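Notes to accompany the following structure.
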Amino acid sequence: MMDRHLYITGMEGSGKSSLGKKVASNLHLRYVDTDKALISAFGVPIGEIYDHYGIETFQKAETNLLIWLTRQPPMIISTGGSCVMNPLNRSIMQASGMILMVERPLSDILSDIKLDRRPDLEKTGLEGVEKAYHERIGLYRSSADMILDNSRGYYVGVANMERMIRLQFGLYALN
């Protein structure tokens, strides 16, 4: 059992959600994807949340969700790509858990990101992804307690993330 939350940060397309969900399942831990939780709460995709309510409303909802999650039993939480940009969100995550950054080369992200699956990126395109990467990468790294290199594929990423979490939280297999 984990004694605090594990927050997964990183760029859109870095593998936060796919790796986090699989590792949580493997370790029998609760998992929350903050973007999916907010989409469910608002009832519309993130791009529409921005359009209809404004980015400030989205950011406040994201912060309120993090606060609510801190009151829940420890779990693995994948955060939205911009979550770490808010100093209050970083403080909440650092005070209530550990931050694991999923790092993936920009070229890999750009080569396989599906803009049609990410309405929030459709307007800015790949240029927006590249710009966001350069704006955020230093903050992702400096706020992380652990950094996972996700440049060698999904299965290696899952194995490495699981190993890191087991070691950090003392979750050892009993077989």
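The values are calculated or read from the model by the stated rules, or taken from the named source; none is laboratory data. Keep in mind that this is a model prediction, so the values were computed, not measured. Glycine gets a Cβ as well: all are built from the backbone with ideal geometry, and neighbour counts include every protein chain shown. Keep in mind that these areas ignore ligands, DNA and RNA; they rest on the heavy atoms of the full protein, side chains included. Shrake-Rupley method; radii C 1.70, N 1.55, O 1.52, S 1.80 Å.
Calculated on the alpha-carbon coordinates, the convex hull of the chain measures out at 109 cubic angstrom per residue.
One compactness figure for the range 130-175 is 1.46, namely its Cα radius of gyration divided by 2.2 N^0.38 Å. Extension gain for the segment residue 107 to residue 135, taken as residue separation times 0.36 nm less the Cα-Cα distance, is 8.5 nm to one decimal.
A Gaussian network model of the chain, with springs between Cα atoms under 10 Å, assigns the largest mean-square fluctuation among 72, 94, 59 to 72. Residues of the range 1-23 with an amide N closer than 20 Å to a point placed 7 Å from the Cα of residue 70 along the Cα-to-Cβ direction: 2-10. The calculated 222 nm mean residue ellipticity attributable to helices in the chain amounts to -17500 deg cm²/dmol, summing -39500 (n - 2.57) over DSSP H runs of n ≥ 4 and dividing by all residues. Looking at the chain, the accessible area is 52 square angstrom per residue; that uses a 1.4 Å probe and ignores ligands, DNA and RNA.
Relative to the dominant Cα principal axis of the chain, helix 125-143 is inclined by about 40°. Atom-type composition of the exposed protein surface of the range 29-175 places 52 percent of the accessible area on carbon and sulfur (1.4 angstrom probe).
Taking label points 7 Å from Cα along the Cα-to-Cβ direction, residue 145 and residue 56 give a separation of 3.4 nm. Provide the FRET efficiency to the nearest 0.05 for the residue 127-residue 85 pair, computing r from the beta carbons and using R0 = 25 Å. Rounded to the nearest 0.05, the efficiency is 0.85.
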